[in-house]
Amino acid sequence: MATTTTAAPPGTDTPPAERAKAARPRAVVVFGIVAFVLIGLNLRAGITGASALLHDLQEVLGYGAFIAAVIPSVPTLCFAVAGAATSWLTRRMGVEKAILLALGMLAVGLLVRGIPSTGMLLAGTVVGMSGLAVCNVAMPSFIREHYADRTSLMTALYTVTMTTGATVTAVMVVPVAQLLGSASAGLGSIGLLSVAAFLGFLPVALHAHRNAAPGRGTSISPWPLIRTRKGALLTSIFTLQALLAYAVLSWFPYMLTTTGLTATDSGLMYGLMQLVSVPAGMVLLAIGSRPRMLRPAFYLASVTMLLGITALMLLPAALAAVPAALLGFGLGIFPLVMVMISRSGRSTAETTAMSTLAQSVGYLLATVGPFGMGLLHSATGGWTVPLVLLLAIALTQIVVGHLLTARTKP
């Protein structure tokens, strides 16, 4: 007697997450890619724009050395405090709605910074950077949930757009401010890019809301992960690269201005540094993705950062392009670290936990970078002491990168 089997309805043997992904309308997929690009463009634009205008803002608004040191420290402090809440927020709202809320905060905060007042500059920076913090932590989880089989590709796209936004903003914000006749107005104009990102991501968040599974998502506490080898090393490498990156990103154009370059030329050198970091990230990702080549990629990025700091100390301002190019290449370590975080968990919840741990602790400690640079410059009247300390941090990054890649595959 023949045995009759009944075929299961199409899709019943596919996990719910995969069925939901497959059922996404084409318009949502298109909006998702567009929004992904727009979010990436925003992730450093608000920081580099402020850095390029710090000297002009201080002259116009009249705040002192302490506030001048506090302003570039606010982003990393917000990344630490607001970033720590991202795991809870994504569990309550879902990754997509949490990102939408964060983009709304970013847009409002950056627009508020356009009001010519020290108080509004500080308040807008706190609100905007808190929104940016949630985006920073949630994006690896968004990649893990929607593009698990393309983490390197999506991280590369994410990094390229992030650096492109930072580069264009660094180069254009000073001319825009001059055109508008106000450093504050030029800074506030960056918020229009965040409004575009919010509107672009809105259809993705609405689709996620309509198709959300009942009940709350699972959650994993990030803090116990610090006791694991992977958690400790990922947090350490993220801390070191963030400390170096934000110390350089916050003060590089100001350093050049105080050593004789015009604000426009300093902005161009700042843009060059950001521009170099785009292909640098791609090159380092390509190297690190090859078997047994992740460690050399970390070495290359860290040593180049060390050489860039040394060149910044020793070379005259007329040769600023040399440290700008070297530092830009050193900043390419960021996508390597983000790929490792995106691949660190066996689930979206675990990836969110690892991302929360690495970024909240990392940015909290990295706040010392821009704040300490400003205070040491005011105390010593020069940049030698701050740069010597950055050299020591770059050496430490080489050691931690060596330990991190000892057993970790790309």
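Scanning the stretch 370-379 for any residue that is without any contact (Cβ under 8 Å) to a residue 60 or more places away in the chain and either in contact with a helix residue (DSSP H, G or I) (Cβ under 6 Å, 6 or more places away or on another chain) or acidic (Asp, Glu) (or both) turns up at least one such residue. The set of residues in the stretch 262-293 that are farther than 17 Å from MET172 by Cα and over 18 Å from the mean Cα position of the chain (by Cα) comprises VAL283, ALA286, ILE287, GLY288, SER289, ARG290, PRO291, ARG292, MET293. Just to be sure before I move on: is LEU261 surrounded by 18 or more Cβ atoms within 10 Å (Cβ to Cβ) and either of a type in the set (Asp, Glu) or at pLDDT below 90 (or both) in the structure I sent? It is true that LEU261 is surrounded by 18 or more Cβ atoms within 10 Å (Cβ to Cβ) and either of a type in the set (Asp, Glu) or at pLDDT below 90 (or both). Selection over the stretch 264-286 of residues that are under 22 Å from VAL388 (Cα atoms) and open to solvent by less than 30 Å² (accessible area, probe 1.4 Å) gives a count of 3.
Say whether the condition of being among the hydrophobic types (A, V, I, L, M, F, W, C) and more than 16 Å from the chain's Cα centre (by Cα) is met by at least one residue in the stretch 335-347.
Residues of the stretch 335-347 that are among the hydrophobic types (A, V, I, L, M, F, W, C), as a first pass: 336-341.
Cutting the leftovers down to more than 16 Å from the chain's Cα centre (by Cα) gives us none.
No, there is no match, as no residue in the stretch 335-347 is among the hydrophobic types (A, V, I, L, M, F, W, C) and more than 16 Å from the chain's Cα centre (by Cα).
Within the stretch 233-240, is even one residue open to solvent by 30 Å² or more (accessible area, probe 1.4 Å), modelled with pLDDT of 90 or more and not aliphatic (A, V, I, L, M)? Yes. If the condition is being farther than 25 Å from THR257 by Cβ and among the aliphatic types (A, V, I, L, M), then the stretch 359-410 contributes VAL361, LEU364, LEU365, ALA392, LEU395, ILE398, VAL399, VAL400, LEU403, LEU404, ALA406. Residues considered: THR405, THR352, THR380. Of these, the only one that is open to solvent by 60 Å² or more (accessible area, probe 1.4 Å) and among the polar types (S, T, N, Q) is THR380. Consider the stretch 48-87 and keep the residues that are touching a Pro at 6+ places or on another chain (Cβ under 6 Å) and over 24 Å from PRO222 (Cβ atoms). The one that is surrounded by the most Cβ atoms within 10 Å (Cβ to Cβ) is ALA52.
Residue count for the stretch 326-344, restricted to those that are assigned to a helix (DSSP H, G or I) and either in contact with a strand residue (DSSP E or B) (Cβ under 6 Å, 6 or more places away or on another chain) or not small (Gly, Ala, Ser) (or both): 12.
If you go through the stretch 93-101 one residue at a time, do you hit one that is of a type outside the set (D, E, K, R) and not in a helix (DSSP H, G or I)? Among the residues of the stretch 93-101, at least one is of a type outside the set (D, E, K, R) and not in a helix (DSSP H, G or I), which makes the answer yes.
Here is the figure for the stretch 137-164: residues that are within 14 Å of the chain's Cα centre (by Cα), farther than 20 Å from LEU284 by Cα and either open to solvent by 10 Å² or more (accessible area, probe 1.4 Å) or at pLDDT 85 or above (or both) total 0. Taking into account only those residues within the stretch 201-224 that are open to solvent by less than 30 Å² (accessible area, probe 1.4 Å) and hydrophobic (A, V, I, L, M, F, W, C), which is modelled with the lowest pLDDT? If we take residues in the stretch 201-224 being open to solvent by less than 30 Å² (accessible area, probe 1.4 Å) and hydrophobic (A, V, I, L, M, F, W, C), then ALA208 is modelled with the lowest pLDDT. Restricting PRO323, PRO291, PRO253 to those that are surrounded by fewer than 24 Cβ atoms within 10 Å (Cβ to Cβ) and either modelled with pLDDT under 90 or assigned to a helix (DSSP H, G or I) (or both) reduces the list to PRO291. Given the conditions (1) within 18 Å of the chain's Cα centre (by Cα); (2) more than 27 Å from VAL337 (Cβ to Cβ), report the number of the one that THR169 does not fulfil. Unmet for THR169, out of (1) within 18 Å of the chain's Cα centre (by Cα); (2) more than 27 Å from VAL337 (Cβ to Cβ): (2). Does ALA297 count as under 18 Å from VAL276 (Cα atoms), part of a helix (DSSP H, G or I) and of a type outside the set (Ser, Thr, Tyr)? Taking the combined requirement at face value, the residue satisfies it. Entry remark, the stretch 352-377: residues being more than 27 Å from LEU225 (Cα to Cα) and either among the aliphatic types (A, V, I, L, M) or in a loop (DSSP other than H, G, I, E, B) (or both) number 3 in total.
Would you confirm, using the coordinates I've provided, whether SER130 is modelled with pLDDT of 90 or more, in a helix (DSSP H, G or I) and touching a Pro at 6+ places or on another chain (Cβ under 9 Å)? So SER130 does not fit the description; no.
The values are calculated or read from the model by the stated rules, or taken from the named source; none is laboratory data. This structure is a prediction, so every number in the text was calculated from the model and none was measured. Every residue, glycine as well, gets a Cβ built from its backbone with ideal geometry; the counts of neighbours run over all protein chains shown. Each accessible area value is taken on the protein alone, full model and side chains, heavy atoms only, with ligands, DNA and RNA left out. Shrake-Rupley method; radii C 1.70, N 1.55, O 1.52, S 1.80 Å.
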